[in-house]
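Each remark here refers to the structure printed beneath this line.
The values are calculated or read from the model by the stated rules, or taken from the named source; none is laboratory data. The shown structure was predicted, so the numbers you read here are calculated from the model rather than taken from an experiment. With ideal geometry, Cβ positions are generated from the backbone for all residues, glycine too; neighbour counts draw on all protein chains shown.
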């Protein structure tokens, strides 16, 4: 099994908060393919790109550090003090 099988595509909001995640093996090696899975409409993908949304490929460890807190609701992205 290659290292890529545990990599994730993660969709990040402009705030830096992870909002979607999938295994690279399930959608392919291109960020565009992962973005299509999360956001099917071309116009919506273009809007997100203009607004600062991002697709990032993360290793399992990076996913645990950067994405998991967002999915668990324990991140500090977008929270105001």
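Out of the residues in the range 1-10 meeting the condition of being assigned to a loop (DSSP other than H, G, I, E, B) and over 19 Å from residue 33 (Cα atoms), tell me which one is modelled with the highest pLDDT. It would help to see each step written out before you state the result.
Just the residues of the range 1-10 that are assigned to a loop (DSSP other than H, G, I, E, B), to begin with: 1-2, 7.
In the following step, the residues that additionally are over 19 Å from residue 33 (Cα atoms) were identified as 1-2.
Numbers: 1: 43, 2: 49.
Selected residue: 2.
I'd like the full set of residues that are in contact (Cβ under 8 Å) with a residue 24 or more places away in the chain, touching a strand residue (DSSP E or B) at 6+ places or on another chain (Cβ under 7 Å), surrounded by 17 or more Cβ atoms within 10 Å (Cβ to Cβ) and within 17 Å of residue 71 (Cβ to Cβ), limited to the range 4-32.
Pass one, the range 4-32, residues in contact (Cβ under 8 Å) with a residue 24 or more places away in the chain: 4, 6-19, 21, 24, 29, 31.
Then drop every residue that is not touching a strand residue (DSSP E or B) at 6+ places or on another chain (Cβ under 7 Å), which leaves 7-13, 18-19, 21, 24, 31.
Among the residues that remain, those that are also surrounded by 17 or more Cβ atoms within 10 Å (Cβ to Cβ) are: 7-13, 18, 21, 24.
Listed by number, the residues that qualify are 7, 8, 9, 10, 11, 12, 13, 18, 21.
Identify, by number, the condition in (1) over 11 Å from residue 18 (Cβ atoms); (2) surrounded by fewer than 11 Cβ atoms within 10 Å (Cβ to Cβ) that residue 35 doesn't meet.
The failed condition is (2).
When you look at residue 40, is it modelled with pLDDT of 95 or more, out of contact with any helix residue (DSSP H, G or I) (no Cβ under 9 Å at 6 or more places or on another chain) and assigned to a loop (DSSP other than H, G, I, E, B), yes or no? Steps first, please.
Numbers: modelled with pLDDT of 95 or more: yes; out of contact with any helix residue (DSSP H, G or I) (no Cβ under 9 Å at 6 or more places or on another chain): yes; assigned to a loop (DSSP other than H, G, I, E, B): yes.
Yes, satisfied.
Return the residue satisfying two criteria in turn: it lies in the range 60-81 and is out of contact with any helix residue (DSSP H, G or I) (no Cβ under 7 Å at 6 or more places or on another chain) and part of a loop (DSSP other than H, G, I, E, B), and of such residues it is nearest to residue 12 (Cα to Cα).
Narrowing the range 60-81 to residues out of contact with any helix residue (DSSP H, G or I) (no Cβ under 7 Å at 6 or more places or on another chain): 61-74, 76, 78-81.
Within this subset, residues satisfying the condition of being part of a loop (DSSP other than H, G, I, E, B) are 67, 73-74, 76, 78-81.
Working: 67: 9, 73: 14, 74: 15, 76: 14, 78: 12, 79: 15, 80: 18, 81: 21 Å.
Per the stated criteria, the residue is 67.
Which count do you get for residues in the range 11-37 that are within 23 Å of residue 76 (Cα to Cα) and either modelled with pLDDT under 95 or part of a loop (DSSP other than H, G, I, E, B) (or both)? Write out each step before concluding.
Residues of the range 11-37 that are within 23 Å of residue 76 (Cα to Cα), as a first pass: 11-22.
Imposing the further condition that a residue be either modelled with pLDDT under 95 or part of a loop (DSSP other than H, G, I, E, B) (or both) reduces the set to 13-17.
Count: 5.
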